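Here is the structure we will look at.
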Amino acid sequence: MRLRRTCKESTALLIAREDRRLSFGDRMALRLHLAACKTCTVFERQVLTMRDALSRWRRDESES
């Protein structure tokens, strides 16, 4: 199990995490990378913000 990931690999995991459950190794590697990389942490927050905004938009659309 390779725990060191590049920013490119980590951002791909952040996006993949929106569609599927990551393996244990991928989750640990991502957690380690995010602990050390401020840029990827900011990207993670952006992904979560977009997910929440889309959720609210879908909910609002279905109530109309």
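The values are calculated or read from the model by the stated rules, or taken from the named source; none is laboratory data. These figures come from a predicted structure and were not determined experimentally. Because the Cβ atoms are built from the backbone with ideal geometry, glycine has one as well, and the counts that use them run over all protein chains shown. Heavy atoms of the whole protein, side chains included, go into the accessibility calculation; ligands, DNA and RNA do not. Shrake-Rupley method; radii C 1.70, N 1.55, O 1.52, S 1.80 Å.
Solvent exposure of R51, expressed as accessible area, is near 110 Å², computed with a probe of 1.4 Å over the protein chains only.
Against the set [x] 3, 14, 9, 9, 9, 7, 8, 6, 6, 5, 5, 4, 4, 3, 2, 2, 2, 1, 0; [y] 4, 20, 34, 28, 12, 1; [z] 4, 18, 25, 21, 13, 8, 6, 4, 2, 0, the structure's computed P(r) over Cα pairs in 5 Å bins from 0, in percent falls on [z].
For the chain, applying the loop criterion from DSSP together with a ceiling of 11 other beta carbons within 10 Å to the GluC sites (Glu not before Pro) yields E18. Accessible surface for the chain, divided over its residues, is 80 Å² per residue with a 1.4 Å probe.
Under a 5 Å amide H cut-off, with hydrogens placed 1.01 Å from N, C37 pairs with nothing among residues at least 5 apart or on other chains.
Since only T39, L14, A29 are under comparison, the one whose Cα sits farthest along the positive direction of the charge dipole of the chain, derived from C-beta charges on Lys, Arg, Asp and Glu, is A29. On the beta carbon distance between F24 and W57, with R0 = 35 Å, the FRET formula returns roughly 0.60.
Relative to the longest principal axis of the Cα atoms of the chain, the long axis of helix 7-16 lies at roughly 40 degrees. Estimated purely from DSSP H runs of n ≥ 4, each contributing -39500 (n - 2.57), the mean residue ellipticity at 222 nm for the chain is -25500 deg cm²/dmol once divided by its residues.
Using the Cβ-Cβ distance between M1 and M50 with R0 = 30 Å, the FRET efficiency computed as 1/(1 + (r/R0)^6) comes to roughly 0.50.
Subtracting the Cα-Cα distance of A12 and A36 from 0.36 nm times their residue separation leaves 7.0 nm of extension gain.
Kindly point out, ordered by number, any Cys in the chain whose beta-carbon has no other cysteine beta-carbon under 4.7 Å away. If one checks each Cβ against the other cysteines of the chain, C7 turn up with nothing under 4.7 Å.
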